[in-house]
Amino acid sequence: MEGSSLKKKIYAAIEKFLLLVTDAVVCVSKFEKKEAENFGIISDKIKVIYNGVPVQQYSVTRADSDVIQILYVGRLDYAKGFDIALDVMKNIEGKPYFLTVIGDSVHSLDKPERRENINYLGWIPFS
């Protein structure tokens with residue numbers, strides 16, 4: 001979690017206390033597990049369970065267009081790395097890449113930067 005050292009220590013203390021009544025601590029990455037261990041969480045209670053995306057073999061076929069279409073789905077917040085996607089799109093502006101974005105900011109009031117090579121669709125209901 002992003003935040004000050006004090007905030008991280010407080011959350012670590014709360015998590016250590018809750019370990020007394022917890023069978024396992026679930027981390028979504030090896031990095032998160034290492035951070036938990038660095039703050040004193042008992043490593044034999046930590047289980048790494050990756051986000052539910054099945055591993056599949058994909059083959060990519062080129063569309064008739066010369067423009068490579070890229071899709072981003074998710075929160076447009078710093079924690080999700082959307083700032084990195086913006087930097088990449090800025091660096092390749094004028095080249096045949098186009099990013100379509102589904103989602104919006106959740107933790108930030110800032111609206112994402114508008115660019116010619118990005119189309120923002122917002123949240124799309126699946127009903």
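Look at region 20-40: where a residue is touching a residue at least 12 places away in the same chain (Cβ under 8 Å) and a partner is of a type in the set (Ser, Thr, Tyr) and assigned to a helix (DSSP H, G or I), sitting 6+ places away or on another chain with Cβ atoms under 9 Å, you get Lys33/Ser43; Ala36/Ser43; Phe39/Tyr11.
Can you name every residue in region 83-125 that is of a type outside the set (D, E, K, R), closer than 12 Å to Val73 by Cα and under 17 Å from the mean Cα position of the chain (by Cα)? Scanning region 83-125 gives Ala85, Leu99, Thr100, Val101, Ile102, Gly103, Ser105, Gly122, Trp123.
Name the residue, out of Ala79, Ala36, that is at pLDDT below 85, part of a helix (DSSP H, G or I), aliphatic (A, V, I, L, M) and open to solvent by less than 70 Å² (accessible area, probe 1.4 Å). Ala36 is the lone residue from the list that is at pLDDT below 85, part of a helix (DSSP H, G or I), aliphatic (A, V, I, L, M) and open to solvent by less than 70 Å² (accessible area, probe 1.4 Å).
Restricting attention to region 88-127, the residues being under 14 Å from Ile70 (Cβ atoms) and outside any loop (DSSP other than H, G, I, E, B) number 14. In region 1-27, which residue that is open to solvent by less than 70 Å² (accessible area, probe 1.4 Å), in a loop (DSSP other than H, G, I, E, B) and under 19 Å from Ala79 (Cβ atoms) is modelled with the lowest pLDDT? Step by step, filter region 1-27, then rank; the result is Gly3.
The values are calculated or read from the model by the stated rules, or taken from the named source; none is laboratory data. All figures in this text were calculated on a predicted structure; none of them were measured in a lab. As a convention, Cβ positions derive from the backbone with ideal geometry for all residues, glycine included, and neighbour counts pool all protein chains shown. The protein model used for the area step is the full one, side chains on, heavy atoms only, and it has no ligands, DNA or RNA in it. Shrake-Rupley method; radii C 1.70, N 1.55, O 1.52, S 1.80 Å.
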